Amino acid sequence: MTITIKPIALKHTKAFHQALDQVARERRYLLLLESPPLDHIEQIVRYNIERNAVHFVALDGKQMVGWCDIRPYTTPGLTHAGELGMGVIAAYRRQGIGYRLLEATINKALADGLSRIELEVFASNHGAKALYEKLGFEQEGVKRQARYLDGVWDDLIMMALLKATK
Ligand SMILES: CC(C)(COP(=O)(O)OP(=O)(O)OC[C@H]1O[C@@H](n2cnc3c(N)ncnc32)[C@H](O)[C@@H]1OP(=O)(O)O)[C@@H](O)C(=O)NCCC(=O)NCCS
């Protein structure tokens, strides 16, 4: 199996929609419980490509098996920062794909001039938290009882990576 990591292209829209939907429907790891509609995803992909935003995907042939992107903030005073999101579909986890995606994303974001990358991860998501720590993210705070879903409470952990400490 050869997995390639590359910047997203418009032709990946449908595959991105499928991958995002698959991970969202697990109802554990993402805030989303399903993907937004395909036309909304296409807008996001176009927006990211037009602005050269950081959005990498992992492909096994034509199948998208993972993604990692950063939504840069546009509010004056916050444009040095952005919010990271990522996912790898279940059958492809623990094979180093998330690491490769995250590393590529961080490197491009810092090279492009971002100096703060932030994210939120559910406290129950130990695997993602371990991955973020491995690549230099540090915990900044906790939103306690941030989610109540399917009868389970979860905290959201706020993490960030600063260029200055990298
Ligand atoms: C989190 C996620 C992206 C990790 O991707 P992955 O391809 O499985 O991760 P990798 O194989 O690259 O793992 C790299 C390192 O991260 C850590 N890690 C990843 N998954 C882990 C797990 N389930 N338990 C413990 N550590 C884990 C380990 O340190 C691992 O290194 P190792 O395999 O040498 O021990 C993936 O599990 C996923 O998509 N989960 C569901 C969606 C999600 O959580 N998105 C993030 C929301 S904030």
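In percent, rounded to a whole number, the relative contact order of the chain is 18, using alpha-carbon pairs under 8 Å and six or more apart. For region 4-165, a simple Cβ point-charge model (Lys and Arg +1, Asp and Glu -1, everything else neutral) yields a dipole of about 340 debye relative to the Cα centre.
All other residues with a Cβ under 10 Å from the Cβ of SER35 taken together, and with Lys, Arg as +1 and Asp, Glu as -1, what is their net charge?
Details: positive: ARG25; negative: ASP21, GLU34.
In short, -1.
Rg of the Cα atoms in the chain, relative to 2.2 N^0.38 Å, amounts to 1.00. Note on SER115, SER124: ascending count of other Cβ atoms within 10 Å places them as SER115, SER124, the fewest first. Dipole orientation for region 4-165: of the candidates VAL121, GLY141, ALA91, ALA91 has the Cα lying most toward the positive pole (charges on Cβ; Lys, Arg +1; Asp, Glu -1). Given springs between every Cα pair under 10 Å in a Gaussian network model of the chain, which of THR75, THR105, THR13 has the largest fluctuation? Of THR75, THR105, THR13, the Gaussian network model singles out THR75 as fluctuating most. Rounded to the nearest 500, the 222 nm mean residue ellipticity of the chain from helices alone is -9000 deg cm²/dmol, with -39,500 (n - 2.57) taken per DSSP H run of at least 4 residues.
Taken together, the values in this text are just the output of simple stated rules run on the coordinates, not laboratory data. Predicted, not measured: the structure shown is a model, and the values here were computed from it. Cβ atoms come from the backbone with ideal geometry, glycine included; neighbour counts cover every protein chain shown.
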